[in-house]
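Read the structure below first, then the notes.
The values are calculated or read from the model by the stated rules, or taken from the named source; none is laboratory data. Source: prediction; values computed, not measured. FYI the Cβ positions are ideal-geometry reconstructions off the backbone, even for glycines, and counts take in every protein chain you see. Quick note on the areas: whole protein, heavy atoms, side chains included, nothing else; ligands and nucleic acids left out. Shrake-Rupley method; radii C 1.70, N 1.55, O 1.52, S 1.80 Å.
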Amino acid sequence: MNKIGIPKKEHTALIVIDFQEKLVPIVQNVSEVLKNANLLLMSSEILSLTTIITEQYPKGLGRTCNDLYFSSYFPIVEKNTFSCMQNKNLLEILKKNKIKDLIICGIEAHICVLNSCIEAIEMGFTVHVVADAISSRTNENKVLAIKRMLQSGVYITSTEMILFMLLNEAGTDEFKAISKLIK
């Protein structure tokens, strides 16, 4: 586990949890959350981060919503467990790419996001949750989820904070491309 919480892009993965057709319309602040999740996804492509999108029980909750930025570069992993860390395909992708740090966003904060974070910490990953890219049906559940994540050792960050940590320096082509997305 990275004790100071600064991710290195070569060992970092973005996991985008359950932005699905039946969940997206019922969560709080959805337009801001989607905007930030899309910024993370577009930036992960620029940074060549390992990126995984999950879907919780798509038969019942629908597929990933059309408002989420998608590239064929991002595998979609279907799951039935609340924690995506119980999915063998996801774990194989992380192992193959020698991932140590996870950046997590998604819905719902107090269920699948929280369970995934706690299990990832338990497995030895350093976890960064992007607070402005997570949501729940109620704001209270999101707030409680963040408090519970902090108790477990999760780093709470914002979209811009995590992107600039990954960039590390100005003036690069990656910096210029991501700066354009942020403005």
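Name the single residue that is modelled with the highest pLDDT among those in the range 3-28 being open to solvent by 40 Å² or more (accessible area, probe 1.4 Å) and assigned to a loop (DSSP other than H, G, I, E, B). Filtering first and then ranking leaves Gln28.
Restricting attention to the range 31-47, the residues that are out of contact with any Phe, Trp or Tyr (no Cβ under 9 Å at 6 or more places or on another chain) and among the polar types (S, T, N, Q) total 3. If we scan the range 107-130, do we find a residue that is touching a residue at least 60 places away in the same chain (Cβ under 8 Å) and open to solvent by 60 Å² or more (accessible area, probe 1.4 Å)? Scanning the range 107-130, I find no residue that is touching a residue at least 60 places away in the same chain (Cβ under 8 Å) and open to solvent by 60 Å² or more (accessible area, probe 1.4 Å), so the answer is no.
Any residue in the range 41-51 that is of a type outside the set (D, E, K, R), closer than 19 Å to Leu167 by Cβ and in a loop (DSSP other than H, G, I, E, B)? Yes, that holds for at least one residue. Out of the range 121-141, which residues are outside any strand (DSSP E or B) and either at pLDDT below 95 or over 14 Å from His11 (Cβ atoms) (or both)? Selection gives Ile121, Glu122, Met123, Ser136, Arg137, Thr138, Asn139, Glu140, Asn141.
Name the one entry in Ile156, Ile178 that is part of a strand (DSSP E or B), touching a Leu at 6+ places or on another chain (Cβ under 9 Å) and at pLDDT 95 or above. Selected residue: Ile156, the only one of Ile156, Ile178 that is part of a strand (DSSP E or B), touching a Leu at 6+ places or on another chain (Cβ under 9 Å) and at pLDDT 95 or above.
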